[in-house]
Every structure is written in structure tokens, then in C-alpha cells.
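Before any comments, here is the structure.
The values are calculated or read from the model by the stated rules, or taken from the named source; none is laboratory data. Note that the structure is predicted; figures quoted are calculated from it, not measured. A quick note on method: Cβ atoms are made from the backbone with ideal geometry, for glycine too, and the neighbour counts reach across all protein chains shown.
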Amino acid sequence: MRVVVVGGGFGGLQCVKHLRRAAVEITLVDRQNFHLFQPLVYQVATGALSAAEIATPLRAIFKRQQNVRVVLGLVTGVDLDARTVTVQHQPTGDAGQLPYDALVVSAGSRYSYFGHDDWRTFAPELKSLEGALDIRSRILGAFEAAEVEPDEERRRAWLTFVVVGGGPTGVEMAGQIGELARDTLRKDFRSIDPRAARVLLVETTEGLLTAFPRSLSRKAARSLRQLGVTVFLEQTVVDVTAESVSIATSDGTSRSEPARTAIWAAGVEASPLATVLSVAAGGDVDRAGRVTVEPDLSLPGHPEAFAIGDMVRVRDATGVAQTLPGLAPVAMQQGRYVARVLRRRADGGRTKPFRYADKGNLATIGRLRAVADVKGLHLSGLVAWLTWLLVHLFYLIGFQNRLIVILRWTVSFVTHGRGARLITRGGDASESR
């Protein structure tokens, strides 16, 4: 049986790994040649880790799994009736067809700018490795620009950082910038005091980390304030430019915050491939672009084609489509489930509908600061921080990466330093605009 898996993220990776001993020929297609450990991308953006420490080449992961072929390409079309996938090969630009007997699409999601895609230029998203490196250059470049800026108001704008979105990514990012300014960089400059930096976290709802219990949400907000982060709740970003961010309050008034660095971590929308699949299957997508799949994660009318991860809603036994959390554990469980379905079908067996086993949520705010909701157990502070460290080390791909990351974290903890504070762009900081 020929299996085509689109996407080398958490879902696709687990599906391919769990077909190791199956009598199948697997083609894994991804537009990048590496698997990215996305939960730690923000640490690359703030110089705590290097890119190679959270990214592992797909060919290295599967070099001993003989039934896997890796193709570097972008999927541009799917013909469910002909059972073919159209791939634009990245190295050559040529397009080709991949036939399949079973298809698994795990193309993920990206942040939504709610109809304002022009903001991407001024407020990059933290979903990709390229985005993390861009953000790192902007943050560090802002401090460099402030060091040589003689005008007080312009210097204040360079030292103002706006993070949009109060979910785990936004909270972790704001906390890391606050820690960078008040701890790591505090003795590095001569004309400025990095501790004067303003970090603003803007969230539309009435609390941070809405997937967490309210008590942990309040503790996270308190930890952020201790790091000097200003939290704006029930406020919405209405405009982003190269030099400012406009914020509206719930009463309809708005103000402009002079800020040269903004980071977007608010809302998500499914990969465009979800729409491609939906059209091919004769269905539709929800407001976030997610395609609806059957209880066994297959596309309606096409039991041989599956979609998993952030890009789907799952129909339950009553026919109601449910949206699961856009978290790595969801995609991983779905990837393992689809592999099990394919193995049992080959043996003539059946599987029960997919059910997500919620193991909880984790978010780190800074040094010795974190919150954790683990099966009803609410943790914060040191215990939650240690739990976060252990969980992320466990799921990180590759022994070498685990070893390097734990060494980096240990050195950073002891020295209060960050070893990857490199500005990789040429010219001055304003070039990122």
C-alpha cells in the first residue's frame, strides 16, 4: 500500500513512525527539510536557544526506517477521485504527481491577522523558524538602535515591545522579552538601561491563558507583571504600522502606542490545504478555515484520505463537529491513531472513533515561573517550571538535541545569559521594516 503523508510536523511525524513495521511504502512530503519543535520556537526568538537545537532534519529522523521516502516539496493540489497529490518540488520548481492508496494531510495552521494581512510586515508571527529568527533580529536590533538614538521619544519607541495575544505563545514570549531586558541585557549597554524597556501584552478577552483555570491565569498575569510586563486585557489591536500600534478598549476609545517592535500571537487559521481538501471532498470550512472530518479522521466520502491536527474539526458520533485544542499532543495522538487505522484495515480489522486524551496544559513565563494544569492538578512556580522542563525535554526530537538543550538551559540558569543573541540581518535594525 502506498501512503502519502503531507507535513512533517507532530502529527505527520507520529503517523510515519507508527507505520514503521507496516507493509506500506510511505512518501513524506514537506516544504521544509526539517521537523520543528514548535513549543520552543519563542526561545529561538529571544536568544535562549539556537535554531538547530529545536529543528531536526527529516532525513536524519527516518534514515533507519526503510519504508519512508522524504520529498522536499509544496503540495499545491489534491485529486481525491484520482488519488493523486500534486507537488511542486522545492529544489527544481518542477511539478509532479504522487499517486496514493492512503493519504494523510497534517499541514498545520498559521496565525490569523483577521483580515489585516498587511500587518504581517510590521508584526511577524511566531509559527516558523524563519519567523523566530526575524523576530530575534528585530528585538535585539531594537536595543542596538536605542543605544545610538539621541532623541528620547524615539528611543522610548525602540524600547517598547508589543506582543499581541494572551495565549501560551504570547505569554511565554512577553515573559522572555521582559526577562531579556531586565536580567540578561542589563549590563550590556552604556547609553541605555535595558530595564527601562516596556513590554506590552494585549489580549482581547478578560483573562490570559483562557484554556487554563482562572486561578492559574491570574498567577500567570501576576508573574508577568513581576517581570515588568504591562498586561492589557479586554483590549484589541486595531492598527499596526512601522512606528506604532493602535489599541482600542472595550468602551470604543483607542490610543496609539509608539512601538518599533510588534509580535503577533493572536488567533489561528488552518493551512490553505484544508480548503483544497474541503473543495475536493465537496464540503466546506469553518471561519478559521478548518475542514470537517469523520470520527475516524477521514474526509467525508473518502475513507482512504485523512486530515489531522490544527486544520480539522472532528465530527462526533452524533454528527456534531468539534474543534480540539490546537496543541501538539492533539496532533500527535491523531497521527498515532491514523497509523493504527491503516494497520488494522490492512489486517481486516476495525478501530473505534478517535478520542482525545487531554493530559493538561503547560506554560512558562520566565525563570522559575510557570503554570501547569495536569489532569486537574493546578501547579505554579518552581514545581510547574520543572514539570515544563521535563515534558519539553521528553518530547524534543533526538538525543543530541535533548543533551544540548539541557546544557544550554543549565548554563543560562547559572549565568543568567543567553548564548544565541545574534542579529543575522545586514544593516541597521530598521531594515526589518
* Consider residue 42 against the criteria (1) more than 28 Å from residue 20 (Cα to Cα); (2) surrounded by 19 or more Cβ atoms within 10 Å (Cβ to Cβ); (3) out of contact with any Asp or Glu (no Cβ under 8 Å at 6 or more places or on another chain): it satisfies all of them except one. Which criterion is unmet? -> (3)
* What residue, among those in segment 242-272 that are hydrophobic (A, V, I, L, M, F, W, C) and assigned to a strand (DSSP E or B), is surrounded by the fewest Cβ atoms within 10 Å (Cβ to Cβ)? -> 248
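Hey, among the residues in segment 299-326 that are free of Cβ contacts under 8 Å to residues at least 12 places away in the same chain and outside any loop (DSSP other than H, G, I, E, B), which one's farthest from residue 85 (Cα to Cα)?
Only one residue tops the list, namely 322.
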* Asked: Which condition number does residue 24 fail, the rest of (1) under 23 Å from residue 83 (Cα atoms); (2) touching a residue at least 60 places away in the same chain (Cβ under 8 Å); (3) among the hydrophobic types (A, V, I, L, M, F, W, C); (4) buried (at least 22 other Cβ atoms within 10 Å of the Cβ) being met?
  -> (4)
* Could you please let me know if residue 87 is farther than 30 Å from residue 364 by Cα, of a type in the set (Val, Ile, Thr) and crowded, with 24+ Cβ neighbours inside 10 Å? => no
* Asked: What single numbered condition from (1) modelled with pLDDT under 95; (2) touching a helix residue (DSSP H, G or I) at 6+ places or on another chain (Cβ under 9 Å) fails to hold for residue 318?
  -> (2)
* Structure fact -> Within segment 90-109, residues outside any loop (DSSP other than H, G, I, E, B) and surrounded by fewer than 18 Cβ atoms within 10 Å (Cβ to Cβ) come out as 95, 96, 97, 99
* For residue 53, state whether it is free of Cβ contacts under 8 Å to residues at least 60 places away in the same chain and either over 15 Å from residue 105 (Cα atoms) or touching a His at 6+ places or on another chain (Cβ under 7 Å) (or both). => no
* Structure fact -> Only one of (1) in contact with a helix residue (DSSP H, G or I) (Cβ under 6 Å, 6 or more places away or on another chain); (2) surrounded by fewer than 24 Cβ atoms within 10 Å (Cβ to Cβ); (3) within 23 Å of residue 81 (Cβ to Cβ) does not apply to residue 294, and that is (1)
* **Contacts under 8 angstrom Cβ, first residue in segment 332-346 being in the same structural domain as residue 105 (by TED's automatic domain parsing), partner surrounded by fewer than 22 Cβ atoms within 10 Å (Cβ to Cβ) and assigned to a helix (DSSP H, G or I), 6 or more apart** => 339/17
* When segment 388-420 is examined, which residues are found to be crowded, with 16+ Cβ neighbours inside 10 Å and over 21 Å from the mean Cα position of the chain (by Cα)? -> 404, 408, 412, 418
* **Positions within segment 392-410 being out of contact with any strand residue (DSSP E or B) (no Cβ under 6 Å at 6 or more places or on another chain), closer than 13 Å to residue 60 by Cα and touching a residue at least 24 places away in the same chain (Cβ under 8 Å), in sequence order** => 401
* Structure fact -> With the first residue restricted to segment 231-243 and required to be without any contact (Cβ under 8 Å) to a residue 60 or more places away in the chain, and the second required to be assigned to a loop (DSSP other than H, G, I, E, B), Cβ contacts under 6 Å at 6 or more apart or on different chains are 234/206; 234/250; 236/204
* Output the residues belonging to segment 197-217 that are exposed (fewer than 14 other Cβ atoms within 10 Å of the Cβ), more than 21 Å from residue 254 (Cβ to Cβ) and more than 22 Å from the chain's Cα centre (by Cα). => 214, 215
* Is it the case that some residue within segment 70-88 is part of a loop (DSSP other than H, G, I, E, B), polar (S, T, N, Q) and touching a residue at least 12 places away in the same chain (Cβ under 8 Å)? -> no
* Residue count, segment 226-241 (criterion: more than 24 Å from the chain's Cα centre (by Cα) and surrounded by fewer than 16 Cβ atoms within 10 Å (Cβ to Cβ)) -> 1
